[in-house]
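In what follows, a single structure is set out as structure tokens and then discussed.
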Amino acid sequence: HNAKEHGVEIRRYMPAMQMKAKERFKLENDLRRALERDEFYLVYQPQVLLETEEIVGMEALLRWNHPKRGLVSPAEFIPIAEASGLIVPIGEWVLKMACLQNKQWQLAGYEPISVSINLSMRQFLQPNLAGTIGDILHNLDLDPCYVDLEITESMTLDKETAFEQLKRLKELGVFISIDDFGTGYSSLHYLKDMPIDRLKIDRSFVSEVMEDSNNAAIVSTITSMAHHLKLKVTAEGVENKEQLEFLRQQHCHEAQGFLFSKPIEAAEFERSFLRKAMQKLPS
Ligand code: C2E
Ligand code: MG
Ligand code: MG
Ligand code: MG
């Protein structure tokens, strides 16, 4: 490439890059108003106990219904919310709504299940996170054993800070899971000391577990390690019976994925997956 050709390339690519920054800026502005305009809602995906095939939990996943664009994927807007700091109020809304939904279903007499809520890095680094969550649990009178917080490996990089924060969260009585396990930056070192309860095996390993023997080895090793460390283990992204059977053979505790259901809105989740708790007989 000579300088002239290079110049042409730059002129060709610059507008596209500026567009991208402009788009991002626009989305960020729209995101700023999305909470007050009530454009967010939660969908729920069931978590199945493999031993009994019972629904024992649900993961709350955020959806943004943009007035002009329609549904925007979390993969697109979460990073923007994270970079701008908007994830803190948005994340608090998610925590409140997911806990409220869970409590309402308990009050309606359904068999209680747990709700898993994704935390972002920024949220996790908020010094008052445990206070915020404690207030939500207290105001709703929701038993913390029905709340599971999902963090990722990269959030535990600053070991000291992560340890302190996790300790405060565990003192509330909630469950802590490591999401997308196996894809982040972490050493096994921290698994030993961090007060966590569960590993969620990343979808990328589960999805090709039947085709790729390396993936099978990884899933089997994570599952076995979890057992040895007395952690629960959940497989995400289970799409077919063969994968499910493999996970059963490995004694994986729980599974989540399109095989059971895509994430769905609350009303549909209630109809499809919730069961009334047994009435206590008068003694
Ligand atoms: P994640 O927490 O790992 O959530 C699982 C994602 O995998 C969800 O995508 C879910 O729809 C998808 N999934 C579940 N089962 C299957 C399957 O069998 N096959 C395939 N192909 N996909 C499956 P979603 O809802 O688009 O969310 C993407 C990511 O966005 C989440 O990954 C999470 O990191 C983030 N996210 C979503 N909601 C929130 C939130 O409220 N707060 C934060 N901080 N992040 C969120
Ligand atoms: Mg998750
Ligand atoms: Mg995940
Ligand atoms: Mg994932």
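Just so you know, all these numbers are worked out from the coordinates, no wet-lab data involved. Remember, it's a predicted structure, so these values are computed and weren't measured experimentally. Don't worry about glycine lacking a Cβ; one is built from the backbone with ideal geometry, like all the others, and counts go over all protein chains shown.
For region 121-245, the C-alpha radius of gyration divided by 2.2 N^0.38 Å, with N the number of residues, is 1.14.
Overall, region 81-214 carries a charge dipole of about 340 debye about its Cα centre when +1 sits on the Cβ of Lys and Arg and -1 on the Cβ of Asp and Glu, all other atoms neutral. Of N118, V88, L61, which is farthest on the positive side of the dipole of the chain, counting Cα position, with +1 on Lys and Arg Cβ, -1 on Asp and Glu Cβ, and the Cα centre as origin? Positive-most Cα among the choices belongs to V88.
Can you sort F258, F175 by how many other beta carbons sit within 10 Å, fewest first? Numbers along the way, then the final one.
Details: F258 12, F175 21.
With the fewest neighbours first, F258, F175 line up as F258, F175.
By its C-alpha gyration tensor, with a ≥ b ≥ c as the square roots of the eigenvalues, how is region 109-171 shaped: rounded for a/c under 1.5, else prolate for a/b larger than b/c, else oblate?
On the way: a/c = 2.51, a/b = 1.77, b/c = 1.42.
Because a/c hits 1.5 or more and a/b exceeds b/c, region 109-171 counts as prolate.
Net charge around R63, counting only other residues with Cβ within less than 10 Å of its Cβ (Lys, Arg = +1; Asp, Glu = -1)?
Details: positive: none; negative: E39, E265.
Around R63, the surrounding residues sum to -2.
Along the axis of the charge dipole computed for the chain (Cβ charges of +1 for Lys and Arg, -1 for Asp and Glu, origin at the Cα centre), the listed residues A277, S207, A21 are led at the positive end by A21. By the count of neighbouring beta-carbon atoms within 10 Å, fewest first, I178, I87 end up ordered I87, I178.
Dipole magnitude for region 213-283: about 400 debye, using +1 per Lys or Arg Cβ and -1 per Asp or Glu Cβ, origin at the Cα centre. Would you please state the base-10 log of I(q)/I(0) at q = 0.07, 0.09 1/Å for the chain, with intensities from the Debye formula using one equal scatterer on every alpha carbon? Relative scattering, expressed as log10 I(q)/I(0), comes to -0.30, -0.49. Scanning residues 5 or more positions from H253 or on other chains, those with amide H under 5 Å from its amide H are V233, with H placed 1.01 Å from N in the peptide plane. Computed from label points 7 Å out along Cα-Cβ, the spacing between S154 and D197 is 2.6 nm.
Think of each Lys and Arg Cβ as +1 and each Asp and Glu Cβ as -1; about the Cα centre, that makes the dipole of the chain roughly 760 debye.
Scan region 39-106 for trypsin sites (Lys or Arg not before Pro) in coil per DSSP, keeping those whose Cβ has at most 15 other Cβ atoms within 10 Å, and list them by number. Could the numbers behind the result be given before it?
On the way: sites: R63, K68, R69, K96, K103; in loops: K68, R69.
Passing both the DSSP loop test and the Cβ count: K68, R69.
Going by the alpha-carbon gyration tensor, a ≥ b ≥ c the square roots of its eigenvalues, is region 29-153 rounded (a/c under 1.5) or, if a/c is not under 1.5, prolate (a/b greater than b/c) versus oblate? Note, shape of region 29-153 comes out prolate.
Measuring between alpha carbons in the structure, the pairs from K200/K262; K167/K232; K22/K68; K96/K192; K26/K96 lying more than 21 angstrom apart are K96/K192; K26/K96.
Sort S73, S177 by Cβ crowding within 10 Å, fewest neighbours at the top. It would help to have the intermediate numbers written out before the result.
Working: S73 9, S177 23.
Ranking S73, S177 by Cβ neighbours within 10 Å, fewest first, gives S73, S177.
Think of the chain as a dipole: +1 on every Lys or Arg Cβ, -1 on every Asp or Glu Cβ, centred on the Cα centre; then among Q47, Q165, M97, M97 lies furthest on the positive end.
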